[in-house]
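K.L.:
One structure follows; several queries about it will come next.
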Amino acid sequence: MSLAIEVKHLSCSYLGNTALSDINFSINEGNLVGIIGPNGAGKSTLLKAMLNLIKKDSGEIRILGHSIKEMKTKVAYVPQRNDIDWDFPITVLDTVLLGTYPNLGLFKRPKKEHKIWALECLKQVGIESYSNRQIGELSGGQQQRVFLARALAQKADMYFLDEPFVGVDITSEETIISVLKQLRNQGKTVVVVHHDLSKAADYFDQLILLNKELIEYGEVAKVFAPEIIGRAYNQPFQTKPDTEVFV
Ligand code: ADP
Ligand code: MG
């Protein structure tokens, strides 16, 4: 199995305030990985640094053995809800077509085959009937599915999603996790920022537990232990018999 992502000695800060300090981990291809940790732990910063969307203070990132600059079109990114302008006047289909642009080449217009592929991606997330709507008219769950369809349209090797289940109804959440598991089963690498611990053990193969530093990473069974989770959240961690989690 080959290495999908290597992060070595990564540190990031905003105006002198440390957000991530000396992060080291690696992920093998074909895994569905959760990045978990409390609010402000640096989860989004870690995704953005891996995608070279923000400046890092130090460290090195390798994606399938290459720099992210070389791999940009191979990595699909679904940003956190708040980072998207939902009032932007664009239809669902055109949003998904944007995902085909990396494969389209510069200055080329999407052709019929691209539209067929974009509709196919919308079908995979169950909202092809909304293709002519404005994205602003959709519910939170439908909007998140549109962005997942856009990521699928890119035919990437790797998928990074930031809090895809926030503000999302249960049907959308089930659709999204099922599509992500399918991608993993096809050998793709999927990395998901997630803060709801109650589902973490069901959803992911591996976890990266953060709180500015890397607290732990590895198989869910290793990381999802009360003592380890408690260290990231700086307080005791309890589970109830029905697996509801209180932190
Ligand atoms: P998480 O996604 O885990 O909630 P973030 O990566 O968004 O955490 O943020 C980590 C820390 O960096 C927080 O303290 C946050 O306030 C700060 N931060 C994030 N983005 C910026 C920014 N653009 N400017 C200044 N500080 C920021
Ligand atoms: Mg975040």
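The values are calculated or read from the model by the stated rules, or taken from the named source; none is laboratory data. Here the structure is a predicted model, which means the values were calculated and not measured. Cβ coordinates were reconstructed from backbone atoms using ideal geometry, including for glycine residues, and neighbour counts include every protein chain displayed. Just the protein is used for accessible areas: all its heavy atoms, side chains included, with ligands, DNA and RNA removed. Shrake-Rupley method; radii C 1.70, N 1.55, O 1.52, S 1.80 Å.
K.L.:
List the helices (runs of 4 or more DSSP H) that sit entirely inside the range 46-128 and contain at least 3 residues that are away from ligand 2 (no atom under 16 Å from the Cβ) and open to solvent by less than 50 Å² (accessible area, probe 1.4 Å).
P.N.:
Passing ranges, in order: 92-98, 112-124.
K.L.:
In addition: For the range 172-190, which positions are hydrophobic (A, V, I, L, M, F, W, C) and touching a helix residue (DSSP H, G or I) at 6+ places or on another chain (Cβ under 7 Å)?
P.N.:
The answer is ILE176, ILE177, VAL179, VAL190.
K.L.:
Looking at this structure, is ALA41 out of contact with any helix residue (DSSP H, G or I) (no Cβ under 8 Å at 6 or more places or on another chain) and in contact (Cβ under 8 Å) with a residue 40 or more places away in the chain?
P.N.:
no
K.L.:
In the range 23-45, which residues are within 12 Å of ligand 2 (Cβ to nearest atom) and not aliphatic (A, V, I, L, M)?
P.N.:
Those that are within 12 Å of ligand 2 (Cβ to nearest atom) and not aliphatic (A, V, I, L, M): GLY37, PRO38, ASN39, GLY40, GLY42, LYS43, SER44, THR45.
K.L.:
Ok, one more. Quick one: count up the residues across the range 30-45 that are within 13 Å of ligand 1 (Cβ to nearest atom), open to solvent by less than 40 Å² (accessible area, probe 1.4 Å) and part of a loop (DSSP other than H, G, I, E, B).
P.N.:
4
K.L.:
Within 15 Å of ligand 1 (Cβ to nearest atom), more than 25 Å from LYS188 (Cα to Cα) and touching a Cys at 6+ places or on another chain (Cβ under 6 Å), is that true of ALA19?
P.N.:
yes
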